[in-house]
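The values are calculated or read from the model by the stated rules, or taken from the named source; none is laboratory data. All values derive from a computational prediction rather than experimental measurement. Glycine also receives a Cβ, built like all others from the backbone with ideal geometry; neighbour counts cover every protein chain displayed.
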Amino acid sequence: MIKKSISLESQIRDDWHYLKKIKSKDITKHMCDVAFIIDYEAIKYIPNRYKEEYSAYVMKQNWLLYNYCDVQSLTIDDWKDVLSKINLNYIDLKKSEKDIFERIATHLANTYEDNGISTFLERNFESEIIKKEYIDGKFIVTKKLSTIYKKIKYTFNRFDEFYSFLNGDLSNADIYEYNFDGIDLKKYNLDNVAINSTVLIKNGLYDDTFYNEAIKPLLSQSNELVKVENTNVPILHENDVLPYQSGDFMRRISIYYISDIHIDNKIASKFKDHATEKEIEYYVKTIVDKMIDSMPSEVVGKFILIAGDVSSSFKISKIFYQKLVERNRISSKKIICVLGNHELWNLDRASDNNVDSIVKLYKKMFDELEITFLQNELLVIGDDFEIITESEIESMTEDALKERTLESQLTIFGGIGFSGYNPDFNASKLIYFDAVPTLEEDKKLTNKFNSLYTKLKDCLSNRKIIILTHHPKQDWSTDNYNSNWIYINGHTHKNVYEKNSDKQLYADNQVGYFNEDVRLKRIDYSLKCNIFNDYKDGIHLISLEQYLLFYRKMGYSISCKLQGEFYLLKKNDILMFVYKNDKGNLYIMNGGRQNRLKYKNIEYYFNNMDNYSIIIKEGTKSYYEYINQLSDYIKSIGGSGNVHGTIVDIDFYNHVYVNIYDGKITPYWAASMDYKIVYPSFQELLSNHCPKMLENMNSNKNELVVMKNELIPSGGEFSEDTKIYRESRIMKKIQYLIDDNIIRVWNDNLLEEKEIKLLIEN
């Protein structure tokens, strides 16, 4: 063993890169010293168990080696020394260098609040003040580093220090909880500041104009009118937000929804005597913050649907939506809303009190805020946002509607709905106050909405559509639910959730009059759009353009320049694409590539494609059940969980390979296909690269579905083997059938032998 060690050290002296060829368990501390003395870049191959001793020195020499260092071992003095040697212009960095520098900045911003660190970060990143507030006896100014989306906080004990740091600009400051004892407020600029109205009254600075105009009408009328409605207190489900599920924007999005927030009732209960407009804004902002904070910070592909009854006051509704736009992390047009019966109360009389006037008033506000508003309209989202109006739906033929919605990846039909079909709770019970004064008028408005809904149902029943209304379906339609459609509503204050083969109903986030637990709930929604959905079973000649459009709308990027004939084979919702060249040879299309088929008879493949798909699905059923369990578990501890072939992603660098034949897992870190480190267990991989997920795993109540693999030496082993990626590519072809009903690989022998390994080994 001693001779072997001496021999290895000798080879390291000749070429320090030899260290990477030695198994991790065989590397000694002395070997590391030998390599490191020659070149500090040897840190790349030094096992994690030895890195602490070398990391501070390496970082001071070259910060670009950050990924290879044990940065947790660096002290704040070490970091200051490192930073003093960094002299850079962030804009001029290469993308790979920016990535590393952002990791450094993120680590520092999360770990330290020292002013030296903060000064460095501010120097290298643009910053903006995002919060000015008083919390827990401290004044705090929060700046955001725009490039890395991280924050730096400055803390002050005294108001005058806080005021001086901001150069007298207190605009949008939240100092509501500060009592200002012994301070003359008249000396300061208090424009646009949230201060308790009690403090303003003491200082002779209170203005009651807004309170008299906007809040008093709520106090005088809302209590009586609320009694007319259902007064059941809603009970929110325990699991309001599912674990974050990553995915390409084109494939999966998160749709968050809420209804019946009734902010005015909460305001009337909290502010019974006085309040400033800024004070109301501050309170509404706390409601909005709770709502947005219930949503994970990732922003890709999110939508928020609001099913009415935000407020009976237009002024209060406007404040809510303004704060929502200011606070929200997604595009305003991805906020999609309808009105409720309470918006029609229009208690502050911001317009004429009839439905048309109130709808126009809200539409103007939503247009200004760039929020998507629906009233008897169909939202079609493909390459862009398009609204098909009420009059257009009425005048269009069924074929025209099919054509307009053919490429839509998200389609929403929305409106109040109304209550003409509800015999007990309708306009006769003053649920619209005086905007809809009679049951006859209620029925007229209901029939209008129902006729539009029925027309859409008759021609688009097999499409994916979300029906967003305030009133539940039974209030405006007697038809059965469309099993392909998702229904979201509020109004009843009785939370209902049903998801089965007959119905998809999400009426389970109705907040209610006095409940301040305002949280969003979530639906995971696929944006995949099958443009051949309306095609009948058979063999169809299609164009190359249609073929490429199909994949684009399904969320996949492919390219193909083949000249010849393209055929769509469709049978029992299974799809297969076949290319025919000028010699009559047939090829199965695998995205942008083609693979030669044995026979020139296309009917042979059409006749057998349903049985062929059954064999594959049955043969891989247990494998995909397991790999999906693993994916769900990884998601539950904060990982990606994205499945591609035989591999499940933890994050960009960390993955788990699942063996096709025996189901054994191989956890590994990979910088590239031929440069990876394999670990003996899932836990050890997380310990080395994803410690936060390991913490989540240890506190996770769900049973771990991955077992320890004892075949790999402790500490991880370097590997250049690329076999797993070949197998993964083959399984990914199969995955298209599992996920999207697309056959992309064909082996004629499979029909006879029914052995799934034929697809993998050939």
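The table below lists the values:
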{"item": "Spans of helices (runs of 4 or more DSSP H) in region 349-435 with at least 1 residues β-branched (V, I, T) and either out of contact with any Lys or Arg (no Cβ under 7 Å at 6 or more places or on another chain) or not assigned by TED's automatic domain parsing to the domain that holds N328 (or both)", "result": "355-369"}
{"item": "Tally of residues being assigned to a helix (DSSP H, G or I) and surrounded by 21 or more Cβ atoms within 10 Å (Cβ to Cβ) across region 451-504", "result": "6"}
{"item": "Selection from region 147-159 of residues that are farther than 27 Å from L108 by Cβ and surrounded by 13 or more Cβ atoms within 10 Å (Cβ to Cβ)", "result": "F159"}
{"item": "Scan of region 505-523 for residues that are touching a Leu at 6+ places or on another chain (Cβ under 9 Å), in a loop (DSSP other than H, G, I, E, B) and modelled with pLDDT of 90 or more, ordered by number", "result": "D508, N509, V511, R519"}
{"item": "Qualifying residue in region 395-403 (condition: buried (at least 19 other Cβ atoms within 10 Å of the Cβ), polar (S, T, N, Q) and at pLDDT 95 or above)", "result": "no"}
{"item": "When residues of region 530-574 are limited to those that are hydroxyl-bearing (S, T, Y) and part of a loop (DSSP other than H, G, I, E, B), the one nearest to N601 (Cα to Cα)", "result": "S543"}
{"item": "Members of region 633-659 found to be over 23 Å from K733 (Cβ atoms), assigned to a loop (DSSP other than H, G, I, E, B) and in contact (Cβ under 8 Å) with a residue 24 or more places away in the chain, listed by number", "result": "I637, G638, G639, I650, D651, Y653"}
{"item": "Candidates E122, E97, E133, E102 - the one that is of a type in the set (D, E), modelled with pLDDT of 80 or more and in a helix (DSSP H, G or I)", "result": "E97"}
{"item": "Y90 vs. criteria at pLDDT below 90, outside the structural domain of A670 (by TED's automatic domain parsing) and not aliphatic (A, V, I, L, M)", "result": "yes"}
{"item": "Selection within region 366-401 - under 29 Å from the mean Cα position of the chain (by Cα), at negative phi and of a type in the set (D, E, K, R)", "result": "D367, E368, E377, D383, D384, E386"}
{"item": "Unique residue being crowded, with 21+ Cβ neighbours inside 10 Å and modelled with pLDDT under 90 when the list is I258, I306, I263, I215", "result": "I215"}
